Amino acid sequence: MNLISLKNIQKIFRDEAQETHALRGVSFDIKEGEFIAIMGSSGSGKSTLMHIIGFLDKPTSGEYFFDNEETSSFDDEKLAKIRNQKLGFIFQAYNLLPRTSVLENVLLPTIYTPGINKKFIEQKARHLLERVGLSPRINHRPNQLSGGEQQRVAIVRALINEPRLILADEPTGNLDSRSGQEVMEILQDLHRDGNTILMVTHEQYVAQCAQRILTLKDGQILTDEIVNHRFRAKDGLIK
């Protein structure tokens, strides 16, 4: 079953001097439970595509179906609800609030979730933090953590509302090789648990941890390939 279907998505940025065609008729589907990597050189359109899929930007034309609904008519309130409750974001720069604890950062997306049981959700957050090895750091602030630890906090924050889709934008980009390997181990574990993951990366070995790789060039899909020999991060294949 398709969670997302993109049909002839185009994105044009205009200013007084020129038009820039960031996406030129991109079409593909994301099935529930897939782990897809998007690759491409700088300017290929991969970040623009990620922003459109994450409802952080809108296409100039084309159709975007999310959970069998065409999204062009969604108002700001519905888009905000989807971003909060159905999408989990993992950013290269972590985007943690510096003056709040690890636990408080994880719980941030739940502030706007109606009817939530605060005791239950805090227990869930603690369990997830334990799963990624961060129980001893639960009351620390981000500046007391390593980069890899901060990214693990960001992953748990992305999971707290049980999203339909996890969007990971260069999740290993700011990390050393060992921390990057640990993050990819977590993402592969999440995928094995049934989570749907879309990841942007410029590293081939990171992309090889996914099931499928889309390569963009000049705003178009150059290749869409199944990964026949997947890297298993826990085997230490990320170097």
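The values are calculated or read from the model by the stated rules, or taken from the named source; none is laboratory data. All values derive from a computational prediction rather than experimental measurement. Here Cβ is always computed from backbone atoms with ideal geometry, including for glycine, and neighbour counts include all displayed protein chains.
Tabulated data
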{"read-out": "Test: residue in region 86-106 that is at pLDDT below 90 and among the hydroxyl-bearing types (S, T, Y)", "value": "yes"}
{"read-out": "Residue count for region 3-26, restricted to those that are under 19 Å from the mean Cα position of the chain (by Cα) and either among the acidic types (D, E) or surrounded by fewer than 14 Cβ atoms within 10 Å (Cβ to Cβ) (or both)", "value": "0"}
{"read-out": "Condition check for Q188: closer than 29 Å to Y112 by Cα and in contact with a Cys (Cβ under 9 Å, 6 or more places away or on another chain)", "value": "yes"}
{"read-out": "3 or more residues over 13 Å from the mean Cα position of the chain (by Cα) and not charged (D, E, K, R): qualifying strands (runs of 3 or more DSSP E) within region 151-239", "value": "212-217, 220-226"}
{"read-out": "Count - residues of region 166-186 that are touching a residue at least 60 places away in the same chain (Cβ under 8 Å), over 11 Å from V206 (Cβ atoms) and either among the β-branched types (V, I, T) or touching a Lys or Arg at 6+ places or on another chain (Cβ under 7 Å) (or both)", "value": "1"}
{"read-out": "Hits in region 141-159 - residues which are aliphatic (A, V, I, L, M), free of Cβ contacts under 8 Å to residues at least 60 places away in the same chain and crowded, with 19+ Cβ neighbours inside 10 Å", "value": "V153, V156"}
{"read-out": "Whichever residue in region 106-137 is of a type in the set (V, I, T) and assigned to a helix (DSSP H, G or I) and, among such residues, is nearest to the chain's Cα centre (by Cα)", "value": "V106"}
{"read-out": "The one condition in (1) out of contact with any helix residue (DSSP H, G or I) (no Cβ under 8 Å at 6 or more places or on another chain); (2) within 15 Å of Q151 (Cβ to Cβ); (3) of a type outside the set (A, V, I, L, M, F, W, C); (4) in contact (Cβ under 8 Å) with a residue 24 or more places away in the chain that D189 fails to fulfil", "value": "(4)"}
{"read-out": "Index of the failed condition, H140 passing every other in (1) closer than 30 Å to A22 by Cβ; (2) in a loop (DSSP other than H, G, I, E, B); (3) touching a helix residue (DSSP H, G or I) at 6+ places or on another chain (Cβ under 6 Å)", "value": "(1)"}
{"read-out": "Within region 61-98, considering residues that are hydroxyl-bearing (S, T, Y) and in a loop (DSSP other than H, G, I, E, B), the one surrounded by the most Cβ atoms within 10 Å (Cβ to Cβ)", "value": "Y94"}
